[in-house]
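Below is one structure, written out as structure tokens; comments come after it.
The values are calculated or read from the model by the stated rules, or taken from the named source; none is laboratory data. Computed from a predicted model, the values in this text were never measured in an experiment. Positions of Cβ are generated from backbone atoms using ideal geometry, with glycine treated the same way; all protein chains shown enter the neighbour counts.
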Amino acid sequence: MVPVLRKAYNEAFTKESYQAFLNELEALHPGQLDFRVCETPVFVDNDFKHKMLDACESIIDLICSPSFKSMTQSAIPAKENVPNEYPHAHMIAFDFGVCSNASGGTTAD
């Protein structure tokens, strides 16, 4: 986390700007926000950003490999298989758990 950016963001945050954000989301996706939107940006330095992007690229390389389906087929119970499943995911999301390591740096799991 880049503390100076987090501090500036927190100081600029208002209930009005949050409500404007929610209104914009509602306008884009009417009636779809049946949960509390409470995400906040994470401000990381360029080195850590590149580590996360490299991890994403490695994951994408793996799931796009021709052998991925056969490698992971046994991980899905037979009763959960989808007939005529599309061969590729329609979307993908990455969710990192970011922790401080013993030397004070950051790691992502």
Residues of region 64-109 being touching a Ser or Thr at 6+ places or on another chain (Cβ under 7 Å) and surrounded by 10 or more Cβ atoms within 10 Å (Cβ to Cβ), in sequence order, are Val98, Cys99, Ser100, Thr106
Phe94: passes all of (1) modelled with pLDDT under 85; (2) in contact with a Cys (Cβ under 8 Å, 6 or more places away or on another chain) but (1)
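How about region 19-63: which of its residues are of a type in the set (Asp, Glu) and closer than 17 Å to Phe94 by Cβ?
Glu39, Asp54, Glu57, Asp61
Conditions (1) within 25 Å of Met1 (Cβ to Cβ); (2) modelled with pLDDT of 90 or more; (3) touching a helix residue (DSSP H, G or I) at 6+ places or on another chain (Cβ under 8 Å), marked per residue:
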residue	(1), (2), (3)
Tyr18	yes, yes, no
Leu22	yes, yes, no
Ala55	yes, yes, no
Ser67	no, yes, no
Asn84	no, no, no
Pro87	no, no, yes
